[in-house]
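Q: Please read through the structure below; I'll follow up with questions.
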């Protein structure tokens, strides 16, 4: 056990109640749990968070669910049942944070709007996550990650140059963006409560979260200017910057940032120092305009080399580069291994590997507890609230465990 294993975490003693599904809210609350918060995840009996059913890729468990739900407690509760309101009140009376990403308006109809809750629980922080935010013509519009990528302009700058070559991100980037802003929003609200003594509301929109991340292309296209063109895995405006094939069938990602690097690239990587003086390539904008001709030269130069040999030359010239890893390559990444970034967590299907949270703090170790089975903690949580075994049997429709 390390020296930090028994030391306090930043959110020890903080209780989070979550009415969550899919990615955005679970990603937010998992990170709160990483910092020590107790997260009680309320799920529909028999079904649970619908992300549990996305796939069975991880020993029969869903990949999204495994990623975003460790270190939580699962309370199976039918929110439409007569006693659900009483249970929720008892939970919220002892909680610090409520996070929800139910359908638009659903929380308010259940009496869980910030205004209603603040009157009864003035110290409670309420974080509402939705596709488009409260108010405006899109308030009730259904929002899924791909749809937000489309509405937020992400698809317009991602993919290949052809009209039919737009591409979505390979992960749920809009959900992740919203989850990150919800996470930091909750942390800031807790800090504010330390100063004011009162909870506040955090209203997070997937659209606004992703549009914030679109700042560069937005300003690039400011005042009606043409937007950055879709350039696949290459950079739209800097060249050479992107993937290039090597002779062994591998691919190398490289990036040049300035004229000094361009000269070194010609001399030490391409072994063609005279190319640095070629007028077609004498400035970045010229290299970008003539990228087809320059790419042909680079590909021909790399054709006699393996990907590793290309990277060796790039390293010797201090040119930024990267392997183009698949998922197996990331699992086996030597840098993650050297920095001991993999841990293990329990699950209903046994022990699973898990990446330690980024942003390592030397004062404490993150919480890395099991991924819960559906309703695994129902009896214990209800008992903590003062319910008897008979009460639990009545509420759950089964015998207390």
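Q: Of the conditions (1) crowded, with 20+ Cβ neighbours inside 10 Å; (2) without any contact (Cβ under 8 Å) to a residue 12 or more places away in the chain, residue 56 satisfies every one except a single condition; which number is it?
A: (1)
Q: Taking only the range 315-327 into account, find how many residues are more than 13 Å from residue 250 (Cβ to Cβ) and either in contact with a helix residue (DSSP H, G or I) (Cβ under 8 Å, 6 or more places away or on another chain) or touching a residue at least 12 places away in the same chain (Cβ under 8 Å) (or both).
A: Here is the first cut: in the range 315-327, the ones more than 13 Å from residue 250 (Cβ to Cβ) are 315-320, 327.
If we keep only those that are either in contact with a helix residue (DSSP H, G or I) (Cβ under 8 Å, 6 or more places away or on another chain) or touching a residue at least 12 places away in the same chain (Cβ under 8 Å) (or both) as well, we get 316-320.
The total comes to 5.
Q: If residue 391 passes every condition in (1) in contact with a helix residue (DSSP H, G or I) (Cβ under 8 Å, 6 or more places away or on another chain); (2) over 24 Å from residue 7 (Cβ atoms); (3) surrounded by fewer than 15 Cβ atoms within 10 Å (Cβ to Cβ); (4) outside the structural domain of residue 273 (by TED's automatic domain parsing) but one, which one does it miss?
A: The one condition residue 391 does not meet is (3).
Q: Separate question: Is there a residue being in contact with a helix residue (DSSP H, G or I) (Cβ under 8 Å, 6 or more places away or on another chain) and either closer than 29 Å to residue 242 by Cα or not assigned by TED's automatic domain parsing to the domain that holds residue 67 (or both) anywhere in the range 348-365?
A: Within the range 348-365 (the criterion being in contact with a helix residue (DSSP H, G or I) (Cβ under 8 Å, 6 or more places away or on another chain) and either closer than 29 Å to residue 242 by Cα or not assigned by TED's automatic domain parsing to the domain that holds residue 67 (or both)), the answer is yes, since at least one residue qualifies.
Q: Another one. Here is a check on your reading of the model: is residue 341 surrounded by 12 or more Cβ atoms within 10 Å (Cβ to Cβ) and at pLDDT below 95?
A: So residue 341 does not fit the description; no.
Rundown of residues vs (1) surrounded by fewer than 15 Cβ atoms within 10 Å (Cβ to Cβ); (2) closer than 30 Å to residue 228 by Cα; (3) touching a strand residue (DSSP E or B) at 6+ places or on another chain (Cβ under 7 Å), yes/no style:
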residue	(1), (2), (3)
82	yes, no, no
87	no, no, no
103	yes, no, no
113	no, no, no
128	no, no, yes
159	no, yes, yes
166	no, yes, yes
193	no, no, yes
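Q: Further question on the same structure: When you go through 11, 91 one by one, which is the residue that is in a helix (DSSP H, G or I), closer than 24 Å to residue 184 by Cα and more than 19 Å from the chain's Cα centre (by Cα)?
A: Working: 11 fails: in a helix (DSSP H, G or I).
Of 11, 91, the one residue that is in a helix (DSSP H, G or I), closer than 24 Å to residue 184 by Cα and more than 19 Å from the chain's Cα centre (by Cα) is 91.
Q: If you don't mind, there's one more thing I want to ask. For a quick check of your reading of the model, give me the residue pairs whose first member lies in the range 270-283 and is closer than 19 Å to residue 299 by Cβ, whose second is not in a helix (DSSP H, G or I), with beta-carbon atoms closer than 7 Å and at least 6 apart or on different chains.
A: Hits for this filter: 280/290; 281/290.
Q: Right, another one. Which of the residues spanning the range 239-249 are part of a loop (DSSP other than H, G, I, E, B) and surrounded by fewer than 18 Cβ atoms within 10 Å (Cβ to Cβ)? Walk me through how you get there before you give the answer.
A: Within the range 239-249, the subset part of a loop (DSSP other than H, G, I, E, B) is 239-240, 246-249.
Residues satisfying the conditions are 247, 248, 249.
Q: Cβ-Cβ below 7 Å, separation at least six or inter-chain, first residue in the range 333-350 and in a helix (DSSP H, G or I), second at pLDDT 95 or above and exposed (fewer than 14 other Cβ atoms within 10 Å of the Cβ): which pairs?
A: Cβ pairs passing all conditions: 336/342.
Q: Give me the residue from the range 223-233 that is in contact (Cβ under 8 Å) with a residue 24 or more places away in the chain and in contact with a helix residue (DSSP H, G or I) (Cβ under 9 Å, 6 or more places away or on another chain) and, out of that set, surrounded by the fewest Cβ atoms within 10 Å (Cβ to Cβ). Full working, then the answer.
A: First, the residues of the range 223-233 that are in contact (Cβ under 8 Å) with a residue 24 or more places away in the chain: 227-232.
Now drop any that are not in contact with a helix residue (DSSP H, G or I) (Cβ under 9 Å, 6 or more places away or on another chain), which leaves 227-231.
Details: 227: 14, 228: 15, 229: 11, 230: 19, 231: 20.
Filtering first and then ranking leaves 229.
For (1) surrounded by fewer than 24 Cβ atoms within 10 Å (Cβ to Cβ); (2) outside any helix (DSSP H, G or I); (3) more than 17 Å from the chain's Cα centre (by Cα), each residue gets a yes or a no:
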{"position": "21", "(1), (2), (3)": "yes, yes, no"}
{"position": "25", "(1), (2), (3)": "no, no, no"}
{"position": "33", "(1), (2), (3)": "no, no, no"}
{"position": "36", "(1), (2), (3)": "yes, yes, yes"}
{"position": "41", "(1), (2), (3)": "no, yes, yes"}
{"position": "51", "(1), (2), (3)": "yes, no, no"}
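Q: In the range 368-393, which residue that is assigned to a helix (DSSP H, G or I) and touching a residue at least 40 places away in the same chain (Cβ under 8 Å) is nearest to residue 348 (Cα to Cα)? Steps first, please.
A: Of the residues in the range 368-393, the ones assigned to a helix (DSSP H, G or I) are 378-384, 389-393.
Add one more test, that the residue is touching a residue at least 40 places away in the same chain (Cβ under 8 Å), and what stays is 378, 380-382.
Values: 378: 15, 380: 17, 381: 19, 382: 21 Å.
The residue in question is 378.
Q: Given the criteria in the same structural domain as residue 385 (by TED's automatic domain parsing), over 25 Å from residue 372 (Cβ atoms), more than 27 Å from the chain's Cα centre (by Cα) and in a loop (DSSP other than H, G, I, E, B), does residue 111 qualify?
A: yes
Q: Looking at the range 130-147 only, could you name the residues that are part of a loop (DSSP other than H, G, I, E, B) and either exposed (fewer than 15 other Cβ atoms within 10 Å of the Cβ) or out of contact with any helix residue (DSSP H, G or I) (no Cβ under 8 Å at 6 or more places or on another chain) (or both)?
A: Going through the range 130-147, the residues part of a loop (DSSP other than H, G, I, E, B) turn out to be 131-144.
Listed by number, the residues that qualify are 134, 135, 136, 137, 139, 140, 141, 142, 144.
The values are calculated or read from the model by the stated rules, or taken from the named source; none is laboratory data. Keep in mind that this is a model prediction, so the values were computed, not measured. Here the Cβ is made from the backbone with ideal geometry for all residues, glycine too, and neighbour counts use every protein chain on show.
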